[in-house]
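Take a look at the following structure, please.
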Amino acid sequence: MGFEEARSEVERLTEQILALQDAYYRQDSLLASDADYDALIRRLQELEEAFPELAGADSPTRMVGFGRGELFSPVEHAARMFSLDNVFSDDEMSEWMTKIRSEHPKAQFLCELKIDGLAINLRYQRGQLVSAATRGDGITGEDVTENAVLVPSIPQALEGSGHPDLVEVRGEVFFTLDAFEGLNQKQLEAGDKVFANPRNAASGSLRQKSEGKSEAKRALVADRLAALSMTVHGMGAWDDPPVESQSGVYGVLESWGLPVSPHVSVLEGEAPVLEYIHRFASTRHELSHEIDGVVVKVDQFDIQSTLGATSRAPRWAIAYKYPPEQVTTRLLDIVVSVGRTGRATPYAVLEPVTVAGSEVERATLHNQDVVRQKGVLIGDTVVIRKAGDVIPEILGPVVDKRTGDEREFVMPESCPECGATLAPSKVGDVDLRCPNQQNCPAQVRGRVEHIGSRGGLDIEGLGEVSAAALTQPLEPSVPPLVTEARLFDLSVEELFPIRVLVRDADTGEPKKDPETGEPIVQAPFRRKRQKSDPVYDPSAQEFPGTEDWVPSKAAYELIDQLTKARSQPLWRFLVSLNIRHVGPVAARALAGEFGSLAAIAQASADDLARVEGVGETIAHSLIEWFQVSWHQDIIDAWRAAGVSFEDAPTALTEGGALSGLTIVVTGSIPGFSRDGAEEAVRAAGGKPTSSVSKNTTLVVAGEGAGSKRAKAEQLGVPIVEADSFTTLLREGPSGLSL
Ligand code: ZN
């Protein structure tokens with residue numbers, strides 16, 4: 001594979017992974033199975049290994065887990081919280097053990113169940129719980145102390161005496177199956193949405209905010225937290241633990257009153273470890289809680305520290321993930337949806353069925369060829385497979401169960417939303433697309449939602465629902481947005497009359513009132529006028545609403561957020577322009593290199609392609625995009641509304657301690673997040689880049705720095721250790737006697 005090809009695949013994978021993370025975080029749409037997600041990460045790792053210059057500092061392979069703190073204040077972990085690498089078969093498991101035992105023949109393996117919950121870091125100072133935090137990105141998590149103290153198995157004070165000054169205990173917070181059932185029962189009785197699976201429920205419960213809620217609601221929050229369980233599975237910061245092994249630590253933690261799983265075993269050799277894995281694979285449904293695999297750790301600390309860690313996971317531990325579960329259900333229909341790029345994707349509407357702990361009612365079928373290859377007919381009984389808690393895959397039909405009433409799926413010839421004739425974008429493409437890019441409601445809706453997403457302008461009020469309301473309202477008959485050009489011209493007055501059909505989050509079908517059978521209609525941007533509101537005054541300067549209605553909080557908030565979004569950095573606007581192949585990685589590179597949209601628009605294809613992380617495919621895509629007149633209309637309209645499409649030069653660039661220096665930061669730097677370290681370099685006048693070359697002035701290497709440190713050594717580029725980073729920022733290289 002050539003560099004160019006690899007680069008465009010890395011870009012695509014990165015964008016895909018970030019989108020999945022985003023969906024996961026919002027918990028409103030689950031787009032891929034864990035297995036699929038893991039496969040994407042693995043593929044990206046492979047490519048980054050083959051082409052180290054493509055491994056950006058913000059690559060998802062360097063991020064641990066999904067979390068990005070927002071709900072609660074950030075807490076820095078005293079020691080990094082790693083995630084685990086996975087294996088999926090006995091062969092891979094054996095290979096991992098053999099490798100370790102060839103170097104460390106005395107290695108013993110501690111086996112424990114991989115509970116499907118939420119990782120938590122508990123910090124105890126002299127035996128008192130001082131903070132509880134989620135994993136977050138592994139370096140910084142979210143503070144959930146207020147909620148964690150209500151979980152019965154999390155002690156606020158440790159039992160016994162002689163506790164260390166500081167110890168971090170790592171555990172998993174989860175619902176037992178009984179507790180989960182009870183929770184959903186209560187949700188149903190209260191008329192609230194039930195949770196799809198125990199993991200989402202645990203995560204949701206620990207992240208509840210009770211502030212500002214009524215007493216009754218707060219009691220519900222406390223009830224849910226009281227139903228949670230926790231099991232410890234490790235330690236973080238702990239100077240001089242009085243034991244020499246993982247199992248020894250569990251012994252100490254247990255003596256302090258912390259819950260240790262009864263299923264932990266220390267085993268020697270491959271056969272007993274595999275036996276342990278197989279035993280729980282066949283009895284997993286008899287346990288009181290869900291598991292998705294087994295975690296195997298080298299027990300002895302001296303071997304653990306020799307093995308060390310990669311940038312995201314320790315080498316001395318591995319997760320064996322159990323294979324996805326399979327069930328059968330009926331394929332009720334195959335319908336086609338059109339996305340923001342115009343791609344028409346058939347997906348299966350299934351008779352709801354529970355698999356791997358959650359209810360499933362739709363699955364993507366990718367394109368008409370996939371439907372044909374799978375050989376499924378509408379009406380078939382189909383086998384579906386699912387790992388973890390997300391959308392499943394259809395494996396194929398159960399042919400024996402056919403009755404003769406099944407019918408074949410026919411790919412429609414025209415776009416289900418705008419009626420344009422579907423066609424491949426170039427000869428030989430399998431995917432069919434709606435060519436009406438400018439005005440197809442499905443595409444405009446998708447683009448507007450993309451603008452609001454975390455990788456775009458990150459506008460909280462502009463999600464799936466409001467994107468649909470702005471582009472396809474029931475009323476007014478002409479939607480406020482027929483393209484995204486007018487986005488920043490929207491006003492409260494314009495939002496006010498919008499009425500929308502309430503749609504099912506899963507199927508997109510309009511919901512019907514169970515009594516009247518009529519579709520349910522909502523006006524999201526207004527509410528009934530109340531006595532406490534000002535009296536209706538049609539002559540008021542600010543839009544007053546009507547005699548019966550006033551604009552809702554959501555309307556004011558959306559307008560306010562749109563106003564603030566105008567000053568977002570250039571790269572976010574580049575992503576938000578929905579230019580094909582331009583995701584956050586390329587957008588950041590382009591913004592860093594050119595500084596303004598005007599400069600990018602004027603650059604030649606060669607100039608664009610030369611930018612690190614851009615390349616020819618993206619360069620051509622940019623050039624083509626700028627040639628389309630309605631794209632220019634978007635830029636003009638946004639500019640007229642106050643978007644500058646420029647990044648202000650960093651104030652300290654001239655004369656900073658790192659002025660004129662090109663610096664690569666790699667590995668974890670204590671006290672800095674990934675972005676934070678680069679930001680600090682920039683603020684000191686330096687230019688942070690992601691790959692080491694002969695043009696690199698120096699490399700700052702923290703724990704976990706791997707290939708980049710090696711490359712720097714090979715090229716003779718000076719290396720600054722992480723603990724000298726702040727001195728470097730303050731005094732420049734001269735302060736370090738390199
Ligand atoms: Zn269309």
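For PHE488, only one of the following conditions fails: (1) part of a loop (DSSP other than H, G, I, E, B); (2) more than 16 Å from the ligand (Cβ to nearest atom); (3) in contact (Cβ under 8 Å) with a residue 60 or more places away in the chain; (4) open to solvent by less than 70 Å² (accessible area, probe 1.4 Å). What is its number?
Looking at each condition in turn, PHE488 falls short on (1).
Related question: When you check SER453 against the structure, is it open to solvent by 30 Å² or more (accessible area, probe 1.4 Å) and either touching a Ser or Thr at 6+ places or on another chain (Cβ under 8 Å) or farther than 14 Å from LEU562 by Cβ (or both), yes or no?
No; evaluated as a whole, the condition is false for this residue.
So, in segment 126-142, exactly how many residues are over 16 Å from GLY234 (Cβ atoms) and either open to solvent by 50 Å² or more (accessible area, probe 1.4 Å) or at pLDDT 90 or above (or both)?
3
Given the residues ASP405, ASP400, which is the only one that is touching a Gly at 6+ places or on another chain (Cβ under 7 Å), away from the ligand (no atom under 12 Å from the Cβ) and open to solvent by 40 Å² or more (accessible area, probe 1.4 Å)?
ASP405
Filter segment 585-600 for residues that are of a type in the set (Gly, Ala, Ser) and open to solvent by less than 50 Å² (accessible area, probe 1.4 Å) and give the result.
Across segment 585-600, the qualifying residues are ALA586, ALA587, ALA589, ALA591, GLY595, SER596, ALA598, ALA599.
Right, something else. Filter segment 433-466 down to the residues that are part of a loop (DSSP other than H, G, I, E, B) and more than 11 Å from the ligand (Cβ to nearest atom) and list them by number.
Answer for segment 433-466, where residues must be part of a loop (DSSP other than H, G, I, E, B) and more than 11 Å from the ligand (Cβ to nearest atom): SER453, ARG454, GLY455, GLY456, LEU457, ASP458, ILE459, GLU460, GLY461, LEU462, GLY463.
Then there's this: Every residue in segment 177-199 that is touching a Leu at 6+ places or on another chain (Cβ under 9 Å) and surrounded by 12 or more Cβ atoms within 10 Å (Cβ to Cβ), please.
LEU177, ALA179, LYS186, VAL194, PHE195, ALA196, PRO198, ARG199
Name the residues in segment 413-431 that are assigned to a loop (DSSP other than H, G, I, E, B) and within 11 Å of the ligand (Cβ to nearest atom), would you?
CYS415, PRO416, GLU417, CYS418, GLY419, ALA420, LEU422
Let me ask something else. Determine which member of the set VAL465, VAL478 is at pLDDT below 95 and surrounded by 16 or more Cβ atoms within 10 Å (Cβ to Cβ).
The match here is VAL465.
Which numbered condition trips up PRO346, out of (1) within 16 Å of the ligand (Cβ to nearest atom); (2) assigned to a helix (DSSP H, G or I)?
Unmet condition: (2).
Any residue at all in segment 152-165 that's of a type in the set (Val, Ile, Thr), open to solvent by less than 40 Å² (accessible area, probe 1.4 Å) and modelled with pLDDT under 90?
No; the residues of segment 152-165 include none that is of a type in the set (Val, Ile, Thr), open to solvent by less than 40 Å² (accessible area, probe 1.4 Å) and modelled with pLDDT under 90.
Does GLY236 fit the bill of being among the small types (Gly, Ala, Ser), surrounded by 12 or more Cβ atoms within 10 Å (Cβ to Cβ) and touching a Gly at 6+ places or on another chain (Cβ under 8 Å)?
no
Hey, another quick one. Quick check, is PRO473 within 16 Å of the ligand (Cβ to nearest atom), at pLDDT 90 or above and either of a type in the set (Val, Ile, Thr) or not in a helix (DSSP H, G or I) (or both)?
no
Could you run through segment 105-127 and say how many residues are in a loop (DSSP other than H, G, I, E, B) and within 29 Å of the chain's Cα centre (by Cα)?
So the answer is 2.
Among the residues of segment 310-343 satisfying the criterion of being open to solvent by less than 50 Å² (accessible area, probe 1.4 Å) and of a type in the set (Val, Ile, Thr), which is farthest from the ligand (Cβ to nearest atom)?
ILE318
Still on this structure, I have one more. Just the residues that are under 19 Å from VAL249 (Cβ atoms) and part of a loop (DSSP other than H, G, I, E, B), please, taken from segment 155-179.
Those that are under 19 Å from VAL249 (Cβ atoms) and part of a loop (DSSP other than H, G, I, E, B): PRO155, LEU158, GLU159, GLY160, SER161, GLY162, HIS163, PRO164, ASP165.
The values are calculated or read from the model by the stated rules, or taken from the named source; none is laboratory data. Here the structure is a predicted model, which means the values were calculated and not measured. Neighbour counts are summed over all protein chains in view; Cβ atoms, including those assigned to glycine, are modelled from backbone coordinates with ideal geometry. The accessibility values were calculated without ligands, DNA or RNA, using every heavy atom of the protein model including side chains. Shrake-Rupley method; radii C 1.70, N 1.55, O 1.52, S 1.80 Å.
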